[in-house]
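Only one structure is covered here, and it is reproduced in the block below.
A short reminder: the numbers here are calculations on the coordinates, not readings from a lab. Everything numeric here is computed off the predicted structure, so don't read it as measured data. Cβ: placed from backbone, ideal geometry, glycine included. Neighbour counts: every protein chain shown.
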Amino acid sequence: PRLPADWHRVTLRQLLNHTSGLPDYTEDPTFIAELTADPRRHFDSRRLLDYVAGDRLRFRPGSAYRYSNSDNIAVALMAEAVTGQRYEKLLDDLVHRPLGLRDTSLPQGYRLPMPYLHGYAVDEPGAPEDVSTVLSASGVWASGGIVSTPRDLGAFIRGYAGGLGLGPAVRKQQLSFVAGSSEPAGPGRNKAGLAVFSYTTRCG
């Protein structure tokens, strides 16, 4: 309810399949300037949408697809508002523990719990550069801040592909896709379901 009134007609479904029209906070000039000045800056994750709270929607909700990191933040805030639980606890209770994810977390700083899956920037002609601890995870939070391991990632994908116990009716809705674009980048053109993407590649 504290989010801009202009956004109130956006639905949970539209946030999950990125047809909400919410402006992307990671494209906001102030956010970019603060991140550039101090990549390890600690952001208040629950106030990330403040960067675009004065902006109008990009388009009428439900009328188009456009990936926005703000969508994922809004979903986390909605989950907290509905349950009265912190998003991190919801992840632990509903995802991590049921799937046995022992080395998966949602950190707030740039120091990451060991072990973790490293990320690399690959810019030709230079050698790959480990950028795992360049940025504070607080600036992405529910839109990419999770740290995990190959074992946990495999367990999550198996569980998520299996529906995570959502039930057939919810799963059917989740797998109802809208045409996407090349965002987020992947192995081909994508379609967006509810918090899941399908990519069409030359192999199928």
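Each part reduced to its alpha carbon centroid, the stretch 1-35 and the stretch 142-204 end up 21 Å apart. Between Arg86 and Ala121, take the C-beta separation as r, use R0 = 35 Å, and let me know the FRET efficiency to the nearest 0.05. Efficiency for this residue pair is about 0.65. Applying 1/(1 + (r/R0)^6) with R0 = 30 Å to the Cβ-Cβ distance of Ile32 and Val178, what FRET efficiency is obtained, to the nearest 0.05? Working from the Cβ atoms, E equals 0.60.
Can you give the local net charge around Val95? Use residues other than it whose beta-carbon is closer than 12 angstrom to its beta-carbon, Lys and Arg +1, Asp and Glu -1. Once positives and negatives cancel, what remains is -2. Among the helices of the chain, those built from whole DSSP H runs whose Cα atoms reach 20 Å or more along their own axis and whose mean Kyte-Doolittle hydropathy is at least 0.0 are 69-83.
Computed extension length for Asp130-Ala53: 24.4 nm, one decimal, from 0.36 nm per residue of separation with the Cα-Cα distance subtracted. What the phi angles of the stretch 130-145 give under the Karplus curve with 6.51, -1.76 and 1.60, with θ = phi - 60°, is a coupling list of 6, 10, 4, 10, 6, 10, 6, 5, 5, x, 10, 6, 6, 10, x, x Hz, glycine and proline written as x.
Sorted largest first, the spans of the alpha carbon positions of the stretch 5-200 along the three principal axes are 42, 40, 40 Å. Taking 18 Å as the cut-off, the amide N atoms of the stretch 22-52 that come nearer than this to a point 7 Å along the Cα-to-beta-carbon line of Ala195 belong to 46.
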